[in-house]
Amino acid sequence: MNYLNSTNVAAIPVIYLVVFLAFTCVCKGDEISGSSFIFGDSLVDAGNNNYLSSLSKADIKPNGIDFKLSNGNPTGRYTNGRTIADIVGEELGQPTYAIPFLSPNATGKAILNGVNYASGGGGILNETGRIFVNRLSMDIQVDYFNITRKQLDGLIGSSKAREFLMKKAIFSVTVGSNDFLNNYLLPLLSIGERLSESPEALINHLISNLRNQLTRLYKLDARKFVVANVGPLGCIPYQKTINQLNAEQCVELPNKLAIQYNGRLKDLLTELNENLPGSHFLLANVYDLVSDLIVNYAKYGFKTASAACCGNGGQFSGIIPCGPQSTMCRERSKHVFWDPYHPSEAANLIVAKQLIDGNTKIISPVNLRQLRDL
């Protein structure tokens, strides 16, 4: 879930902050520690869009204000601190955050700790996010992993690289939101598309493409996958604001589409588990997790699940994205949403910990800690 920040694209100098200067492989003898290979959109982008001429960027303040490794400077993450993928890696004992593929430091032994290919604005379909000009679609992200795959052969040999990927690496896929928000549901620009393609046809198209993308990764020796379903898109501050809803309401159509897609995604992962020998495809039920956070926010210690902490415009600060001129809340840990589209680090922390140790209603057929140890 991403944005076009018309107030700062041209006026603010691009900050290419590289915070991964000390990435080295943590190894004991011939043993390589676990790692994450991360695919998806702005929910897990760790800075790839910093290196693209894109209108979807998070390399401006106050993004990253609570990211300790950068001393509060923006890194390209679309939140105030860590993403869900960052937190999962930490909790599972991975030595460093997965390095953005487009970073100049994504070379040599650094890639043995994992690589992040995610891109703000990216989607399952190549045309998704075209309003941002440049972004990495899932097809391109898998192409880039193919480059990494060859680099791993050169680093540790083909046999050891294959064993490493099959046993030590977790492949995280968080994609699909933009295929609705910044494609099919895009105000004005996508009216013709909605008239010519039914929701059922769109979702068939998405599932077919994702099947091919996940199968390509499997053929490149990926075996342990966690695939997130699409969250409650109609409940984000942007949707509530532009549709002039009250705090308790959500927009029906985006949520209906997400639920429909999520049902098909569940069937797809069951199919892949059955047909790809040795594979482990986990479904992360982000929709229910985030819905629970929104409905029961007070139970989790939040003060609001409607208003963005950083943004401007409308009742929920949900129109103008987070940037230097934005209004920012005082208690960032008390907001479920950091900006009009993305969760705060506090919300990411709750979701990540549920995925790591949660039951089968949250993540199935096993949780992430169990997947790591398989």
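What follows draws every value from the coordinates through simple rules; no lab data is involved. Here the structure is a predicted model, which is why all the values come from computation and not from measurement. Neighbour counts are summed over all protein chains in view; Cβ atoms, including those assigned to glycine, are modelled from backbone coordinates with ideal geometry.
Residue by residue, what Karplus-based ³J(HN,Hα) values in Hz, rounded to whole numbers, does region 295-300 have, using 6.51, -1.76 and 1.60 with θ = phi - 60° and x for Gly and Pro?
6, 10, 4, 5, 4, 8
Between GLU200 and GLU274, how high is the FRET efficiency from 1/(1 + (r/R0)^6) when r is the Cβ-Cβ distance and R₀ = 30 Å? Nearest 0.05. Before the final figure, lay out each step's value.
Details: r = 24 Å, r/R0 = 0.79.
With a Förster radius of 30 Å, E is 0.80.
Expressed as a rounded percentage, what relative contact order does region 98-187 have, with Cα pairs under 8 Å and six or more residues apart?
Numbers: 97 pairs, mean separation 25.5, N = 90.
Relative contact order comes out at 28 percent.
For the chain, modelled as a GNM with alpha-carbon contacts under 10 angstrom, which of ALA247, ALA169, ALA307 fluctuates the most?
So, out of ALA247, ALA169, ALA307, the one fluctuating most is ALA247.
Charges on Cβ only, +1 for Lys and Arg, -1 for Asp and Glu, centred on the Cα centroid of the chain; of PRO232, ASN296, ILE242, which one is farthest towards the dipole's positive end?
The one lying farthest along the dipole's positive direction is ASN296.
So what is the 222 nm mean residue ellipticity for the chain from helices alone, if each DSSP H run of at least 4 adds -39500 (n - 2.57) and you divide by all residues, rounding to the nearest 500 deg cm²/dmol?
Theoretical 222 nm ellipticity from helices: -10500 deg cm²/dmol.
Given 4 °C and 1.567 mPa s, how large is the Stokes-Einstein diffusion coefficient of region 27-285 in µm²/s, with Rh as the Kirkwood radius over Cα pairs? If you can, show how the numbers build up before the last one.
Details: Rh = 19.0 Å.
For the chosen part, D equals 68 µm²/s.
Among HIS280, HIS205, HIS335, which comes first, then next, by fewest other beta-carbon atoms within 10 Å? Write out the running numbers ahead of the final one.
On the way: HIS280 19, HIS205 14, HIS335 27.
Ascending number of Cβ neighbours within 10 Å: HIS205, HIS280, HIS335.
Find the relative contact order for region 27-285 and round it to a whole percent, using C-alpha pairs within less than 8 Å whose residues are 6+ positions apart. Intermediate values should be presented prior to the final figure.
On the way: 473 pairs, mean separation 46.9, N = 259.
It comes to 18 percent, rounded to a whole number.
Take the Cβ-Cβ distance between SER53 and ASP357 as r, set R0 to 45 Å, and report the resulting FRET efficiency rounded to the nearest 0.05.
Working: r = 41 Å, r/R0 = 0.90.
That gives a FRET efficiency of 0.65.
Strictly over 23 Å apart at the Cα level, which of LYS61/LYS334; LYS109/LYS150; LYS68/LYS167; LYS266/LYS334; LYS224/LYS353; LYS57/LYS299 would you flag in this model?
Details: LYS61/LYS334 19 Å; LYS109/LYS150 13 Å; LYS68/LYS167 31 Å; LYS266/LYS334 32 Å; LYS224/LYS353 18 Å; LYS57/LYS299 33 Å.
The pairs that break the limit, which is 23 Å between Cα atoms, are LYS68/LYS167; LYS266/LYS334; LYS57/LYS299.
Put a dot 7 Å past each Cα toward the Cβ at ARG330 and LYS303; how far apart are the dots in nm?
0.7 nm
Of SER317, ILE124, TYR97, which is farthest along the charge dipole of the chain in the positive direction, counting Lys and Arg as +1 and Asp and Glu as -1 at C-beta?
TYR97
Please rank SER119, SER70, SER344, SER208, fewest neighbouring Cβ atoms within 10 Å first, as an exposure proxy. Walk me through the intermediate numbers first.
Details: SER119 36, SER70 18, SER344 25, SER208 12.
Fewest to most other Cβ atoms nearby, the residues stand as SER208, SER70, SER344, SER119.
Charges only on Cβ, +1 for Lys and Arg, -1 for Asp and Glu: so what's the dipole of the chain about the Cα centre, in debye to the nearest 20? Before the final figure, lay out each step's value.
Numbers: 34 positive and 31 negative charges, 117 e Å.
Its charge dipole is roughly 560 debye.
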